[in-house]
Every structure is written in C-alpha cells, then in structure tokens.
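One structure is given below, encoded as structure tokens.
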Amino acid sequence: MAVPKRKTGRARYNARRSENDKISAPSRSVCPQCGETKLPHRVCPNCGFYRNREVIETA
C-alpha cells in the first residue's frame, strides 16, 4: 500500500484547496426603472421598485 513519507503541511494542504473554495462575487442586474445596479430578485435600493411596482416609498 502507498503511504506518504511525510505529513502534508497546513500551507500546502490549504493552497491546494484555495482555488476551489473561493466565494464568487454576487451577480448584479440593472433596475428597469432607474438603471442602477441591484441584486437580482430584490427591491431596488435607489428607487424602491420591484417588478415594475413601487414597493418602498423613497423621497
């Protein structure tokens, strides 16, 4: 049976996984009302619209 000669260190162990365990940036969509970028499926923080309806009143 194949057995490693030395223990794999923490740096090498974590470096091997670092490329696959990264958190990706959240996707963005454009608000059809004001054109600002916003998170998809959420109320626009700039104008307060969601699905072409005003959900939150903004000043």
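The values are calculated or read from the model by the stated rules, or taken from the named source; none is laboratory data. Predicted model, so just to flag it, every value in this text is computed and none were measured. When we count neighbours, we look across all protein chains shown, and the Cβ atoms used for this are built from the backbone with ideal geometry, even at glycine. Accessible surface is based on the protein model in full, side chains and every heavy atom, while ligands, DNA and RNA are left aside. Shrake-Rupley method; radii C 1.70, N 1.55, O 1.52, S 1.80 Å.
Observations on the model:
- Qualifying trypsin sites (Lys or Arg not before Pro) in the chain, where qualification requires a DSSP coil assignment and no more than 11 other C-beta atoms within 10 Å, comprise 5, 6, 7, 22, 28, 42, 51.
- Nearest-10 value in Å² for the accessible area of residue 8, using the 1.4 Å probe: 70 Å²
- Residue 55 sits with roughly 80 Å² accessible to a 1.4 Å probe, with DNA, RNA and ligands left out of the calculation.
- For residue 31, the solvent-accessible surface with a 1.4 Å probe is about 10 Å², rounded to the nearest 10.
- Modelled spin labels at residue 10 and residue 51, positioned 7 Å past Cα toward Cβ, are 4.9 nm from each other.
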